[in-house]
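To keep things clear, I will list the structure first and then write my remarks on it.
The values are calculated or read from the model by the stated rules, or taken from the named source; none is laboratory data. As the structure is a prediction and not an experimental result, all values here were calculated from the model. Reconstructed Cβ throughout: ideal geometry from the backbone, glycine too, with neighbour counts over all protein chains shown.
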Amino acid sequence: MNAWLTVLKRDLLLAFRRRSDVATTLFFFLIVSSLFPLGIGPEPAVLSSIAPGVLWVAALLAGMISLTRLFAADFADGSLEQMLLAPQSLALLVTAKTLAHWLVCGLPVVLLAPLIGLQYALPNNALLVLVFSLLLGTPALSLIGAIGAALTLGVRGSGLLVALLVLPLYIPVLIFGAGAVAASQHGMSAQAHLSLLAACSLLALVLAPLATAAALRISVE
Amino acid sequence: MNINWFKYSSPQTFYPLAGKMIPWFAWLAAILAIAGLYISFAIAPTDFQQGEAYRIIFVHVPAAWMSMVIYIVMACWAGIGLALNARLSAMMAQALAPTGAVFTLIALVTGSLWGKPMWGTWWVWDARLTSELILLFLYLGFIALQASIDDPRKADRAGALLALVGAVNVPIIYFSVKWWSTLHQGSSINMGAAPKMAATMLLGMLIMALAFWMYTIAVALMRVRCIMLERERSADWVKELSLKSASRGKA
């Protein structure tokens with residue numbers, strides 16, 4: 001547990017020292033979601049009907065572009081090898097790193113989302129569901145993404161490859177997340193979608209760190 | 001009696017065995033395909049609702065089955081390769097991936113050709129079509145990951161892990177019809193309930209599925225032989241083999 005906290009604190013400190021990295025993710029989310037109204041047109045009815053999908057896809061892509069950074073720096077300076085050799089379980093350390101990634105790249109997007117939802121003319125109850133669905137779903141994105149980041153470590157063209165590997169696995173989260181917001185827009189209960197989303201996250205929390213640890217052992221040998 | 005279960009788990013012994021098996025499976029595939037096509041196009045009755053257009057089912061459904069089955073088989077080989085550190089299992093997984101991707105593509109294309117006269121549209125974002133598309137992405141991801149890692153052993157293990165992670169998705173594909181009910185019709189064949197189609201239609205479909213199986217085995221064996229030669233090119237048995245074929249070429 002001590003090692004877990006140390007890794008978490010270290011990763012957060014590193015992210016805090018390189019604040020521009022965090023800002024990049026956030027601006028990416030902002031820009032992608034601002035492009036859609038420019039491309040589609042400013043009618044509020046159209047925008048609010050596409051908002052759940054657009055915001056979720058933008059959040060998904062924003063989380064994905066930062067994935068390659070998850071292990072790359074540690075791999076380059078050798079600290080990842082030390083983690084592999086550490087007596088603590090690697091899967092546990094991976095959860096600390098993934099949590100740090102989510103706090104740095106996922107949580108800001110969740111907090112910014114309602115603001116962009118307002119621009120898309122989403123009603124208040126849908127905004128609330130949007131935040132909830134992102135809060136429940138983005139951890140799964142970070143956890144699943146970590147597998148892809150670990151598999152493509154040190155591979156040429158890893159940025160594009162990670163998209164190819166990870167995006168298909170994101171699809172259930174996208175469907176339930178956007179479905180939750182759309183359901184609340186149509187006056188239905190979003191509970192079923194949110195429950196499934198939470199189930200995805202919990203399942204990912206159990207299985208993904210193990211797969212990530214195995215992938216790291218394969219990539220670093 | 002002492003059976004050596006792992007006799008054919010080394011490329012050196014499996015290479016000639018695969019070579020002997022290929023013609024059998026290839027001929028079986030050809031015979032079954034001819035029989036299956038004859039039944040599907042000449043014997044099976046015309047559907048009273050869909051007319052003649054339904055006959056694409058004889059290619060579409062077996063291809064869709066194979067696309068899913070091959071992924072599961074591939075993931076199994078990958079898992080065995082990862083657990084037992086067996087070279088040949090990983091090679092089999094690698095050999096199966098392109099065939100699986102091709103069947104997925106065939107299922108998608110025939111599905112949209114069938115959808116046009118039946119639903120009036122080439123493509124609908126229905127659960128089963130979409131998950132078949134995701135399956136294609138999974139195959140492509142597997143192939144791309146293996147292709148981008150230079151060290152073959154590392155590529156094997158990374159690909160194996162990806163295949164196992166993706167295998168979680170295959171059950172979702174199968175049950176997606178029940179999860180998101182949309183335009184697509186339910187499964188044509190239900191376990192437990194009597195099939196709703198004529199017996200000859202079912203027979204044609206099953207024979208076509210068997211033909212696809214045999215084709216898959218034959219092609220995977222051919223491909224795995226190439227992979228074995230390429231990977232083991234510095235091994236003695238491959239050198240002997242190439243010497244033999246060279247001397248045969250001269251004579």
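Within 30 Å of B:Pro152 (Cβ to Cβ), in contact with a Lys or Arg (Cβ under 8 Å, 6 or more places away or on another chain) and within 14 Å of chain B (Cβ to nearest Cβ): is that true of A:Ala150 in this structure? Give the steps one after another, and end with the answer.
Details: within 30 Å of B:Pro152 (Cβ to Cβ): yes; in contact with a Lys or Arg (Cβ under 8 Å, 6 or more places away or on another chain): no; within 14 Å of chain B (Cβ to nearest Cβ): yes.
Against the criterion (within 30 Å of B:Pro152 (Cβ to Cβ), in contact with a Lys or Arg (Cβ under 8 Å, 6 or more places away or on another chain) and within 14 Å of chain B (Cβ to nearest Cβ)), A:Ala150 does not qualify.
Only one of A:Val155, A:Val57 is β-branched (Val, Ile, Thr) and part of a helix (DSSP H, G or I). Can you tell me which? I'd like the intermediate steps shown before the answer.
On the way: A:Val155 fails: part of a helix (DSSP H, G or I).
Criteria check complete, one pass: A:Val57.
Please state which one of B:Tyr71, B:Tyr54, B:Tyr15 is among the hydroxyl-bearing types (Ser, Thr, Tyr) and within 19 Å of the chain's Cα centre (by Cα).
Working: B:Tyr54 fails: within 19 Å of the chain's Cα centre (by Cα); B:Tyr15 fails: within 19 Å of the chain's Cα centre (by Cα).
None of the others qualify; the one that does is B:Tyr71.
Search the stretch A:62-73 for residues that are on the phi > 0 side of the Ramachandran plot and pair each with any residue that is surrounded by fewer than 24 Cβ atoms within 10 Å (Cβ to Cβ) when their beta-carbon atoms are under 8 Å apart and the residues are at least 6 apart or on different chains.
none
Hey, can you tell me all the residues within the stretch B:137-152 that are surrounded by fewer than 21 Cβ atoms within 10 Å (Cβ to Cβ), under 19 Å from the mean Cα position of the chain (by Cα) and more than 9 Å from chain A (Cβ to nearest Cβ)?
Hit for the stretch B:137-152 is B:Ile143, nothing else.
Would you confirm, using the coordinates I've provided, whether B:Gly166 is at pLDDT below 90, crowded, with 17+ Cβ neighbours inside 10 Å, assigned to a helix (DSSP H, G or I) and facing chain A (nearest Cβ under 9 Å)?
Numbers: at pLDDT below 90: yes; crowded, with 17+ Cβ neighbours inside 10 Å: yes; assigned to a helix (DSSP H, G or I): yes; facing chain A (nearest Cβ under 9 Å): yes.
Against the criterion (at pLDDT below 90, crowded, with 17+ Cβ neighbours inside 10 Å, assigned to a helix (DSSP H, G or I) and facing chain A (nearest Cβ under 9 Å)), B:Gly166 qualifies.
If we scan the stretch B:48-62, do we find a residue that is under 16 Å from B:Ala220 (Cα atoms), modelled with pLDDT of 85 or more, surrounded by 16 or more Cβ atoms within 10 Å (Cβ to Cβ) and touching a Ser or Thr at 6+ places or on another chain (Cβ under 8 Å)? Reasoning before the result, please.
At the first step, the residues of the stretch B:48-62 found to be under 16 Å from B:Ala220 (Cα atoms) are none.
Within the stretch B:48-62, none of the residues are under 16 Å from B:Ala220 (Cα atoms), modelled with pLDDT of 85 or more, surrounded by 16 or more Cβ atoms within 10 Å (Cβ to Cβ) and touching a Ser or Thr at 6+ places or on another chain (Cβ under 8 Å).
How many residues does the stretch A:74-83 contain that are without any contact (Cβ under 8 Å) to a residue 24 or more places away in the chain, assigned to a helix (DSSP H, G or I) and not aliphatic (A, V, I, L, M)?
Our first condition is that a residue be without any contact (Cβ under 8 Å) to a residue 24 or more places away in the chain; within the stretch A:74-83, this holds for A:74, A:76-79, A:82.
From the residues that got through so far, the ones that are assigned to a helix (DSSP H, G or I) too are A:74, A:76-77, A:79, A:82.
Subsequent filtering for residues that are not aliphatic (A, V, I, L, M) retains A:74, A:77, A:79, A:82.
Count: 4.
Tell me whether the stretch A:172-188 contains one or more residues that are at the interface with chain B (Cβ under 9 Å from one of its Cβ atoms) and at pLDDT 90 or above.
No: the stretch A:172-188 contains no residue that is at the interface with chain B (Cβ under 9 Å from one of its Cβ atoms) and at pLDDT 90 or above.
In the stretch A:9-54, which residues are outside any helix (DSSP H, G or I) and either touching a residue at least 60 places away in the same chain (Cβ under 8 Å) or under 28 Å from A:Leu164 (Cα atoms) (or both)? Can you show your working first?
Taking the stretch A:9-54 first, the residues outside any helix (DSSP H, G or I) are A:18, A:41-43.
Residue satisfying the conditions is A:Arg18 alone.
Residues that are surrounded by fewer than 24 Cβ atoms within 10 Å (Cβ to Cβ), in contact with a Phe, Trp or Tyr (Cβ under 9 Å, 6 or more places away or on another chain) and within 14 Å of chain B (Cβ to nearest Cβ): does the stretch A:129-147 have at least one?
no
Just the residues that are over 19 Å from the mean Cα position of the chain (by Cα) and surrounded by 14 or more Cβ atoms within 10 Å (Cβ to Cβ), please, taken from the stretch A:85-95.
Narrowing the stretch A:85-95 to residues over 19 Å from the mean Cα position of the chain (by Cα): A:85-90.
Scanning the stretch A:85-95 gives A:Gln88, A:Ser89, A:Leu90.
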